[in-house]
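Asks: This is the structure I have questions about; it appears just below.
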Amino acid sequence: MHLATKHLLGIRDLRSEDIQIILDTAQQFKDVLQRPIKKVPSLRDVTIVNLFYENSTRTRISFELAEKRLSADTINFSASGSSVSKGETLLDTVNNILSMKVDMVVMRHSATGAPHFLAQHIPAAIINAGDGINEHPTQALLDAMTISEKFGSLKGVKVAIVGDIMHSRVALSNIYLLTKMGAQVTLAGPPTLIPKHITSAFPVQVTYNVREAIEWCDVANVLRIQLERQNQVLFSSLREYNQAYGISKTLLQSLNKEVMIMHPGPINRGVELDSDVADSGQSVILDQVENGVAVRMAVLFLLSGRKDPSA
Ligand code: CP
(Lines give C-alpha, C1' and ligand atoms only; values in the text may rest on other atoms or scores of the structure.)
Protein backbone atom coordinates (compact mmCIF):
# COMPACT_ATOMS: atom_id res chain seq x y z
CA MET A 1 0.00 0.00 0.00
CA HIS A 2 1.43 3.37 -0.92
CA LEU A 3 0.10 6.87 -1.43
CA ALA A 4 0.04 8.60 -4.80
CA THR A 5 1.70 11.65 -3.27
CA LYS A 6 5.09 12.55 -1.81
CA HIS A 7 3.72 15.17 0.61
CA LEU A 8 0.55 15.67 2.64
CA LEU A 9 -0.25 19.28 1.83
CA GLY A 10 -4.03 18.97 1.96
CA ILE A 11 -6.96 16.61 1.54
CA ARG A 12 -7.67 18.37 -1.78
CA ASP A 13 -4.69 16.56 -3.36
CA LEU A 14 -5.58 13.07 -2.05
CA ARG A 15 -7.47 10.37 -3.94
CA SER A 16 -10.24 8.60 -1.99
CA GLU A 17 -8.00 5.48 -2.20
CA ASP A 18 -5.20 7.40 -0.43
CA ILE A 19 -7.60 8.45 2.33
CA GLN A 20 -8.71 4.85 2.81
CA ILE A 21 -5.07 3.62 2.91
CA ILE A 22 -4.27 6.19 5.63
CA LEU A 23 -7.37 5.24 7.67
CA ASP A 24 -6.63 1.49 7.38
CA THR A 25 -2.99 2.01 8.36
CA ALA A 26 -4.06 4.23 11.28
CA GLN A 27 -6.26 1.41 12.55
CA GLN A 28 -3.22 -0.92 12.55
CA PHE A 29 -1.23 1.66 14.51
CA LYS A 30 -4.13 2.17 16.91
CA ASP A 31 -3.89 -1.56 17.70
CA VAL A 32 -0.16 -1.06 18.41
CA LEU A 33 -1.03 1.79 20.79
CA GLN A 34 -3.23 -0.55 22.87
CA ARG A 35 -0.27 -2.86 23.59
CA PRO A 36 1.87 -2.66 26.77
CA ILE A 37 4.86 -1.74 24.55
CA LYS A 38 3.53 0.99 22.27
CA LYS A 39 6.68 1.55 20.26
CA VAL A 40 7.62 0.06 16.85
CA PRO A 41 10.94 0.46 15.01
CA SER A 42 9.23 1.49 11.72
CA LEU A 43 10.99 4.87 11.34
CA ARG A 44 14.31 4.07 12.99
CA ASP A 45 17.04 6.31 11.47
CA VAL A 46 14.43 8.68 9.96
CA THR A 47 14.85 12.28 11.19
CA ILE A 48 11.79 14.53 11.37
CA VAL A 49 11.63 18.24 12.19
CA ASN A 50 8.44 19.74 13.64
CA LEU A 51 8.35 23.37 12.49
CA PHE A 52 5.69 25.31 14.37
CA TYR A 53 5.33 28.94 13.33
CA GLU A 54 1.93 29.15 15.05
CA ASN A 55 0.70 27.98 18.46
CA SER A 56 -0.55 24.43 18.96
CA THR A 57 -1.25 22.03 21.80
CA ARG A 58 -2.90 18.91 20.33
CA THR A 59 -1.32 18.75 16.87
CA ARG A 60 2.20 19.40 18.08
CA ILE A 61 2.11 16.90 20.95
CA SER A 62 0.35 14.35 18.77
CA PHE A 63 3.00 14.54 16.01
CA GLU A 64 5.82 14.36 18.56
CA LEU A 65 4.27 11.33 20.21
CA ALA A 66 3.58 9.64 16.84
CA GLU A 67 7.23 10.14 15.86
CA LYS A 68 8.47 8.72 19.16
CA ARG A 69 6.14 5.71 18.89
CA LEU A 70 7.65 5.07 15.42
CA SER A 71 11.24 5.37 16.79
CA ALA A 72 12.05 8.38 14.58
CA ASP A 73 14.61 10.99 15.64
CA THR A 74 12.86 14.33 16.13
CA ILE A 75 13.76 18.00 16.32
CA ASN A 76 11.27 20.60 17.52
CA PHE A 77 11.39 24.15 16.20
CA SER A 78 9.23 27.08 17.37
CA ALA A 79 9.37 30.39 15.57
CA SER A 80 9.33 32.16 18.95
CA GLY A 81 12.85 32.04 20.38
CA SER A 82 14.40 31.31 16.96
CA SER A 83 16.31 33.46 14.45
CA VAL A 84 13.00 34.20 12.69
CA SER A 85 12.82 37.25 15.01
CA LYS A 86 16.14 38.42 13.43
CA GLY A 87 14.54 38.39 9.98
CA GLU A 88 15.55 34.94 8.70
CA THR A 89 13.29 33.76 5.87
CA LEU A 90 11.27 30.54 5.94
CA LEU A 91 13.39 29.04 3.16
CA ASP A 92 16.70 29.94 4.83
CA THR A 93 15.47 28.49 8.13
CA VAL A 94 14.39 25.24 6.50
CA ASN A 95 17.51 24.88 4.32
CA ASN A 96 19.69 25.31 7.41
CA ILE A 97 17.73 22.61 9.22
CA LEU A 98 17.82 20.30 6.18
CA SER A 99 21.61 20.63 5.91
CA MET A 100 21.65 18.75 9.23
CA LYS A 101 20.20 15.74 7.30
CA VAL A 102 16.48 15.89 8.04
CA ASP A 103 14.20 13.54 6.08
CA MET A 104 10.69 14.86 6.79
CA VAL A 105 9.18 18.21 7.79
CA VAL A 106 5.94 18.70 9.75
CA MET A 107 4.87 22.30 9.46
CA ARG A 108 2.26 24.66 10.94
CA HIS A 109 2.19 28.22 9.64
CA SER A 110 -0.24 31.13 9.81
CA ALA A 111 0.26 31.82 6.08
CA THR A 112 -1.94 29.92 3.66
CA GLY A 113 0.27 28.00 1.20
CA ALA A 114 3.46 28.03 3.31
CA PRO A 115 3.90 24.20 3.15
CA HIS A 116 3.11 24.21 -0.60
CA PHE A 117 5.85 26.83 -1.09
CA LEU A 118 8.33 24.68 0.83
CA ALA A 119 7.39 21.58 -1.17
CA GLN A 120 8.49 23.37 -4.34
CA HIS A 121 11.90 24.24 -2.91
CA ILE A 122 13.15 21.38 -0.74
CA PRO A 123 13.57 17.63 -1.26
CA ALA A 124 12.13 16.44 2.10
CA ALA A 125 8.58 15.09 2.48
CA ILE A 126 6.32 17.79 3.95
CA ILE A 127 3.25 17.30 6.14
CA ASN A 128 0.91 20.24 6.59
CA ALA A 129 -0.06 20.58 10.27
CA GLY A 130 -2.32 23.56 9.48
CA ASP A 131 -1.72 26.50 7.10
CA GLY A 132 -3.62 29.72 7.76
CA ILE A 133 -7.30 29.35 6.89
CA ASN A 134 -6.56 26.77 4.17
CA GLU A 135 -6.22 23.13 5.31
CA HIS A 136 -5.50 20.95 8.35
CA PRO A 137 -5.40 17.53 6.69
CA THR A 138 -4.43 15.34 9.65
CA GLN A 139 -7.31 16.84 11.68
CA ALA A 140 -9.79 15.83 8.95
CA LEU A 141 -8.25 12.34 8.83
CA LEU A 142 -8.54 11.85 12.59
CA ASP A 143 -12.11 13.17 12.44
CA ALA A 144 -12.85 10.65 9.67
CA MET A 145 -11.34 7.82 11.70
CA THR A 146 -13.50 8.79 14.69
CA ILE A 147 -16.70 8.87 12.59
CA SER A 148 -15.81 5.57 10.83
CA GLU A 149 -15.25 3.82 14.16
CA LYS A 150 -18.77 4.71 15.24
CA PHE A 151 -20.65 4.23 11.94
CA GLY A 152 -18.49 1.55 10.26
CA SER A 153 -17.82 3.78 7.25
CA LEU A 154 -18.19 7.38 6.10
CA LYS A 155 -20.56 6.60 3.26
CA GLY A 156 -23.99 8.13 3.80
CA VAL A 157 -23.20 9.48 7.28
CA LYS A 158 -24.87 12.87 7.81
CA VAL A 159 -22.32 15.37 9.16
CA ALA A 160 -23.18 18.95 10.18
CA ILE A 161 -20.18 21.29 10.33
CA VAL A 162 -21.28 24.09 12.63
CA GLY A 163 -19.91 27.57 13.26
CA ASP A 164 -16.97 29.56 11.95
CA ILE A 165 -16.57 27.92 8.53
CA MET A 166 -14.95 31.04 7.08
CA HIS A 167 -11.78 30.97 9.20
CA SER A 168 -11.54 27.21 9.67
CA ARG A 169 -8.91 25.07 7.96
CA VAL A 170 -10.55 22.14 9.80
CA ALA A 171 -13.82 22.88 7.96
CA LEU A 172 -12.21 22.97 4.51
CA SER A 173 -10.22 19.74 5.02
CA ASN A 174 -13.33 18.02 6.43
CA ILE A 175 -15.46 19.18 3.48
CA TYR A 176 -12.90 17.84 0.99
CA LEU A 177 -12.59 14.54 2.83
CA LEU A 178 -16.24 13.87 3.66
CA THR A 179 -17.51 14.69 0.17
CA LYS A 180 -14.77 12.51 -1.43
CA MET A 181 -15.72 9.61 0.84
CA GLY A 182 -19.49 9.75 0.27
CA ALA A 183 -20.70 11.38 3.49
CA GLN A 184 -23.51 13.95 3.38
CA VAL A 185 -22.46 17.41 4.60
CA THR A 186 -24.45 20.40 5.85
CA LEU A 187 -22.76 23.66 6.83
CA ALA A 188 -24.57 25.59 9.59
CA GLY A 189 -23.94 28.91 11.30
CA PRO A 190 -24.37 32.64 10.79
CA PRO A 191 -24.41 33.75 7.12
CA THR A 192 -21.41 36.01 7.77
CA LEU A 193 -19.28 32.95 8.68
CA ILE A 194 -20.27 30.71 5.74
CA PRO A 195 -18.51 32.01 2.62
CA LYS A 196 -20.21 31.65 -0.77
CA HIS A 197 -16.98 30.46 -2.45
CA ILE A 198 -17.16 27.31 -0.32
CA THR A 199 -20.88 26.61 -0.63
CA SER A 200 -20.76 27.00 -4.41
CA ALA A 201 -17.66 24.81 -4.86
CA PHE A 202 -18.79 21.66 -3.01
CA PRO A 203 -21.81 19.33 -2.95
CA VAL A 204 -22.93 20.55 0.51
CA GLN A 205 -26.19 21.85 1.98
CA VAL A 206 -26.28 25.13 3.89
CA THR A 207 -28.53 26.32 6.68
CA TYR A 208 -28.39 29.35 8.94
CA ASN A 209 -30.56 27.51 11.46
CA VAL A 210 -28.41 25.34 13.72
CA ARG A 211 -31.42 23.49 15.18
CA GLU A 212 -32.38 22.39 11.65
CA ALA A 213 -28.84 21.05 11.05
CA ILE A 214 -28.75 19.22 14.39
CA GLU A 215 -32.17 17.64 13.78
CA TRP A 216 -30.89 16.37 10.40
CA CYS A 217 -27.40 15.09 11.28
CA ASP A 218 -25.82 11.96 12.79
CA VAL A 219 -22.64 13.87 13.71
CA ALA A 220 -22.11 17.55 14.59
CA ASN A 221 -18.55 18.80 14.17
CA VAL A 222 -18.64 22.06 16.12
CA LEU A 223 -15.96 24.60 15.21
CA ARG A 224 -14.18 27.13 17.35
CA ILE A 225 -15.03 30.79 16.85
CA GLN A 226 -11.62 32.08 15.70
CA LEU A 227 -11.66 35.58 17.12
CA GLU A 228 -7.92 35.98 16.47
CA ARG A 229 -8.51 35.72 12.69
CA GLN A 230 -11.51 38.10 12.56
CA ASN A 231 -10.60 41.64 11.57
CA GLN A 232 -14.20 42.83 11.32
CA VAL A 233 -17.34 42.30 13.40
CA LEU A 234 -19.12 39.21 12.02
CA PHE A 235 -21.71 38.65 14.77
CA SER A 236 -23.15 40.81 17.53
CA SER A 237 -21.57 39.29 20.68
CA LEU A 238 -20.30 35.97 22.02
CA ARG A 239 -23.35 35.71 24.30
CA GLU A 240 -25.75 36.19 21.39
CA TYR A 241 -23.69 33.77 19.25
CA ASN A 242 -24.09 31.14 21.98
CA GLN A 243 -27.84 31.72 22.16
CA ALA A 244 -28.38 31.54 18.38
CA TYR A 245 -25.72 29.07 17.20
CA GLY A 246 -24.22 27.37 20.28
CA ILE A 247 -24.78 23.68 20.99
CA SER A 248 -26.51 23.28 24.35
CA LYS A 249 -27.78 20.34 26.41
CA THR A 250 -31.31 21.76 26.06
CA LEU A 251 -31.06 21.63 22.27
CA LEU A 252 -29.74 18.04 22.25
CA GLN A 253 -32.28 16.82 24.82
CA SER A 254 -35.13 18.15 22.70
CA LEU A 255 -34.25 15.63 19.93
CA ASN A 256 -35.48 12.05 19.79
CA LYS A 257 -32.02 10.74 18.86
CA GLU A 258 -28.40 11.00 20.03
CA VAL A 259 -26.10 13.14 17.88
CA MET A 260 -22.35 12.47 18.09
CA ILE A 261 -20.56 15.69 19.11
CA MET A 262 -17.08 16.50 17.77
CA HIS A 263 -14.83 19.53 18.21
CA PRO A 264 -11.22 19.93 16.99
CA GLY A 265 -10.20 21.96 20.05
CA PRO A 266 -9.38 24.25 21.67
CA ILE A 267 -13.00 24.77 22.82
CA ASN A 268 -14.49 28.15 23.66
CA ARG A 269 -16.69 26.72 26.42
CA GLY A 270 -20.02 28.53 26.63
CA VAL A 271 -19.65 30.03 23.14
CA GLU A 272 -19.89 27.40 20.37
CA LEU A 273 -20.26 24.49 22.81
CA ASP A 274 -21.60 24.34 26.35
CA SER A 275 -19.51 22.51 28.95
CA ASP A 276 -22.22 19.99 29.81
CA VAL A 277 -22.23 18.90 26.14
CA ALA A 278 -18.44 18.91 25.71
CA ASP A 279 -18.04 16.68 28.77
CA SER A 280 -21.06 14.44 28.10
CA GLY A 281 -21.21 10.85 26.84
CA GLN A 282 -22.29 12.19 23.43
CA SER A 283 -18.96 13.93 23.00
CA VAL A 284 -16.08 12.10 21.26
CA ILE A 285 -13.65 15.01 21.58
CA LEU A 286 -11.02 13.04 23.50
CA ASP A 287 -11.45 10.05 21.13
CA GLN A 288 -10.55 12.44 18.32
CA VAL A 289 -7.36 13.39 20.18
CA GLU A 290 -6.53 9.71 20.80
CA ASN A 291 -7.04 8.86 17.12
CA GLY A 292 -4.79 11.77 16.16
CA VAL A 293 -1.67 9.87 17.25
CA ALA A 294 -2.56 6.78 15.18
CA VAL A 295 -3.45 8.89 12.12
CA ARG A 296 -0.19 10.84 12.33
CA MET A 297 1.79 7.61 12.74
CA ALA A 298 0.10 6.35 9.56
CA VAL A 299 0.82 9.51 7.58
CA LEU A 300 4.47 9.65 8.68
CA PHE A 301 4.99 5.96 7.97
CA LEU A 302 3.31 6.00 4.54
CA LEU A 303 5.19 9.12 3.39
CA SER A 304 8.51 7.75 4.62
CA GLY A 305 8.46 5.05 1.96
CA ARG A 306 9.18 2.32 4.51
CA LYS A 307 7.42 -0.95 3.75
CA ASP A 308 6.53 -2.75 6.99
CA PRO A 309 4.71 -0.87 9.78
CA SER A 310 5.86 -3.33 12.45
CA ALA A 311 9.51 -3.65 11.41
N1 CP B 1 -7.04 20.85 16.64
C2 CP B 1 -5.91 21.56 16.65
O3 CP B 1 -5.30 21.83 15.62
O4 CP B 1 -5.50 21.96 17.91
P5 CP B 1 -4.13 22.71 18.21
O6 CP B 1 -4.23 24.08 17.62
O7 CP B 1 -4.00 22.73 19.71
O8 CP B 1 -3.02 21.92 17.57
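Asks: Gain in length, LYS6 to THR89, computed as 0.36 nm per residue apart minus the alpha-carbon separation, to one decimal in nm?
Replies: Using 0.36 nm per residue and subtracting the Cα-Cα distance, I get 27.5 nm.
Asks: Kindly express, to the nearest 10 degrees and within the range 0 to 90, the angle between helix 169-180's C-alpha long axis and the longest C-alpha principal axis of the chain.
Replies: Compared with the principal axis, the helix lies near 90 degrees.
Asks: Does a label point 7 Å from the Cα of GLU17, set along Cα-to-beta-carbon, have any residues of the stretch 170-194 with amide nitrogen under 18 Å, and which are they?
Replies: Label zone hits: 180-182.
Asks: Further, regarding this structure: Under a cut-off of 17 Å between alpha-carbon atoms, report the lysines in cross-link reach of LYS158, not counting same-chain residues fewer than 8 places apart.
Replies: Qualifying lysines at Cα under 17 Å: LYS150, LYS180, LYS257.
Asks: Restricting to the chain, compute how many DSSP beta bridges are antiparallel as a %, nearest 5.
Replies: 5
Asks: Assuming R0 = 25 Å, what is the FRET efficiency of ARG44 and MET100, from their Cβ-Cβ distance, to the nearest 0.05?
Replies: Here the calculated transfer efficiency is 0.90.
Asks: Further question: Sorting GLU258, GLU67 by accessible area (1.4 Å probe), largest first, what list results?
Replies: From most accessible down to least: GLU258, GLU67.
Asks: Compute the long axis of helix 285-304 from its Cα atoms, compare it with the longest principal axis of the Cα atoms of the chain, and write down the angle in degrees, 0 to 90, nearest 10.
Replies: The answer is roughly 30 degrees.
Asks: Using a simple spin-label model with points 7 Å from Cα along the Cα→Cβ vector, what separation in nm is obtained for LYS307 and SER200?
Replies: 5.0
Asks: If you count only protein heavy atoms and use a 1.4 Å probe, how large is the accessible surface of TYR176, to the nearest 10 Å²?
Replies: Spelled out: TYR176, probe radius 1.4 Å, area about 40 Å².
Asks: Further question: For the stretch 171-196 and the stretch 95-118, write down the distance between their C-alpha centroids in whole Å.
Replies: Using only Cα atoms, the two centres lie 28 Å from each other.
Asks: Where the accessible area of the stretch 161-311 is counted over protein heavy atoms with a 1.4 Å probe, how much of it, in %, is carbon and sulfur?
Replies: Carbon and sulfur together cover 49 percent of it.
Asks: Sticking with this one: How much accessible surface does SER275 have with a 1.4 Å probe, in Å² rounded to 10?
Replies: 50
Asks: Where the only charges are on Cβ atoms (+1 Lys, Arg; -1 Asp, Glu), what is the dipole of the stretch 174-294 about its Cα centre, to the nearest 20 debye?
Replies: Dipole size: approximately 380 debye.
Asks: In terms of solvent-accessible area of protein heavy atoms at a 1.4 angstrom probe, what is the ranking of THR5, THR192, highest value first?
Replies: Sorted descending by solvent-accessible area, the residues read THR192, THR5.
Asks: Tell me the per residue accessible area of the stretch 91-193 using a 1.4 Å probe; a whole number in Å² is fine.
Replies: It amounts to 30 Å² per residue over the stretch 91-193.
The values are calculated or read from the model by the stated rules, or taken from the named source; none is laboratory data. Predicted model, so just to flag it, every value in this text is computed and none were measured. Every residue, glycine among them, receives a Cβ derived from its backbone with ideal geometry; neighbour counts consider all protein chains shown. All accessible areas refer to the heavy atoms of the entire protein, side chains included, with ligands and DNA or RNA removed. Shrake-Rupley method; radii C 1.70, N 1.55, O 1.52, S 1.80 Å.
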